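Q: Right, I'll just put the structure down here and ask away after.
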Amino acid sequence: MPELPEVETIKKGVSPHLIGQRILHMVVRQPQLRWPVPEAVKQLKQVKITAVQRRAKYLLITTQAGQRLVNLGMSGVLRIVPEGTAPARHDHVDMVLSNGQVLRYSDPRRFGAWLWASTPNEHKVLAHLGPEPLSEAFNGDLLYERARQRRQAVKTFIMDNRIVVGVGNIYAQEALFMAGIHPSRAAGRISRARYHKLAQAIKQVLARAIEAGGTTLKDFLKADGHPGYFQQELLVYGRAGEACVACGATLLKAVHGQRSTVYCGACQR
DNA sequence: ATCGGGACCTGCTTGC
DNA sequence: TGCAAGCAGGTCCCGA
């Protein structure tokens, strides 16, 4: 998916078009997403949008009648288009707004989801999430404490939403490289000092990517249709076989939790 | 409790 | 040129 910086960029892009508007009605062309689109999402109409927020990689659209949760999965995109714009093949959901615009959801792989919480912020998928990576609640001490006795690879550890949210496959690789930590190292065998470095790297790479408007990957575009510019700053992601920017060694490839990982065998221990 | 793996789905790239 | 295999940003759920 869009990772956290992309979702944050999308939130910033779409929220000015949504807040204060009424939802006239919904158009659901393809209800079979990751889960079937709930009836409450399909049928709600004539309600005012009061807030647009992000929690982890969920976009939360709150109305007087309840809250929609949108997750973009691997290939989901949200755009603002004028009402009447012809839908393309994978344009599955439209939220038609009172200002003549449409929030349009497109998702070729359909790994994303539209969910419904009658009480805002109380959906099951939000219940067990760890802290936001850019908040003060997330730091090296938290990583160190939560890693005690754990033998899983540190890469899958930091990608676990119960530990910290919003660290996806791209930025996990980038942060581990920046911190000089080998992605396969057991989470429980990393010092507190190194976890401080890792937490700082996670914050730094995510903050920088948000500033740049996200990473442009294939079909990712911001809500206004313009690409993000972080891709040109990626140090290891997608660069297996190329030279390490720090030491010149050939970057290696591995697999963790069925996701590919690129790292430097010399810089990362 | 922790973990690794399977599942969901389409489209693009790679290699024979 | 054609076709099959491999790979892609996520994350819930299951069994060991």
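Q: Taking 0.36 nm per intervening residue step and subtracting the Cα-Cα distance, what contour gain separates A:ALA40 from A:VAL255 on full extension? Don't jump to the answer; show the numbers that get you there.
A: Working: separation 215, 0.36 × 215 = 77.40 nm, distance 3.98 nm.
Full extension of this stretch gives 73.4 nm more.
Q: If you keep only loop residues by DSSP, which GluC sites (Glu not before Pro) in the range A:125-216 have at most 10 other Cβ atoms within 10 Å of their Cβ? Numbers along the way, then the final one.
A: Values: sites: A:GLU136, A:GLU145, A:GLU174, A:GLU211; in loops: A:GLU136.
Qualifying residues, ordered by number: A:GLU136.
Q: Counting other beta carbons within 10 Å of each residue's own, what order do A:PHE111, A:PHE157 fall into, fewest first?
A: Working: A:PHE111 15, A:PHE157 24.
Ranking A:PHE111, A:PHE157 by Cβ neighbours within 10 Å, fewest first, gives A:PHE111, A:PHE157.
Q: Order of A:GLU132, A:GLU6, A:GLU242 from fewest to most other C-beta atoms within 10 Å? Working shown, then result.
A: Working: A:GLU132 17, A:GLU6 28, A:GLU242 11.
Fewest-to-most ranking of A:GLU132, A:GLU6, A:GLU242: A:GLU242, A:GLU132, A:GLU6.
Q: Something else about it: Rounded to whole Å and sorted largest first, what semi-axes of the equivalent ellipsoid does the C-alpha gyration tensor of the range A:140-263 yield via the square root of 5 times each eigenvalue? Mind dumping the intermediate values first?
A: Working: eigenvalues 119, 60, 34 Å².
After diagonalising the Cα gyration tensor, the semi-axes are 24, 17, 13 Å.
Q: While we're here: Which peptide among A:165-173, A:63-71, A:256-264 comes first, and what is the full order, when sorted by highest mean count of other Cβ atoms within 10 Å? If you can, show how the numbers build up before the last one.
A: Details: A:165-173: 23.3, A:63-71: 19.3, A:256-264: 17.3.
Put in order of decreasing packing, that is A:165-173, A:63-71, A:256-264.
Q: Using only the alpha-carbon atoms, how far is helix A:192-211 inclined from the longest principal axis of chain A? Give it as 0 to 90 degrees, nearest 10.
A: 40
Q: Under 12 Å from a label point 7 Å along Cα→Cβ of A:ASP160: give me every residue in the range A:121-150 with its amide N that close.
A: Those under the cut-off are A:130, A:143-150.
Q: Would you kindly derive the ³J(HN,Hα) couplings of the range A:154-164 from the backbone phi angles with the Karplus curve 6.51 cos²θ - 1.76 cosθ + 1.60 (θ = phi - 60°), listing them in order in whole Hz, with x for Gly and Pro?
A: Values per residue, Gly and Pro as x: 4, 5, 5, 4, 6, 8, 7, 4, 7, 8, 7 Hz.
Q: How much space per residue, in cubic angstrom, does the convex hull of the C-alpha atoms of the range A:4-125 take up?
A: Working: hull volume 10.9 nm³, N = 122.
Spread over its residues, the Cα hull of the range A:4-125 gives 90 Å³ apiece.
Q: Find the centroid of the Cα atoms in the range A:250-269 and in the range A:83-149, then give the distance between the two in whole Å.
A: The range A:250-269 and the range A:83-149 have Cα centres separated by 29 Å.
Q: Arranged by the count of other C-beta atoms within 10 angstrom, fewest first, what order do A:MET74, A:MET178 take?
A: Values: A:MET74 14, A:MET178 21.
Listing A:MET74, A:MET178 from fewest to most nearby Cβ atoms yields A:MET74, A:MET178.
Q: Please give the charge dipole size of the range A:90-196, origin at the Cα centre, charges +1 on K and R Cβ atoms and -1 on D and E Cβ atoms. Round to the nearest 20 debye.
A: 720
Q: For helix A:4-18, report the angle its Cα long axis makes with the longest principal axis of the Cα atoms of chain A; keep it between 0 and 90° and round to the nearest 10°.
A: 20
Q: Can you give the convex hull volume of the alpha carbon atoms of chain A per residue, in Å³? Could you put the intermediate results ahead of the total?
A: Working: hull volume 33.2 nm³, N = 269.
Value for chain A: 124 Å³ per residue.
Bear in mind that the values in this text are calculations on the coordinates, not laboratory data. Predicted model, so just to flag it, every value in this text is computed and none were measured. Virtual Cβ from ideal backbone geometry, glycine too; neighbours counted across all protein chains shown.
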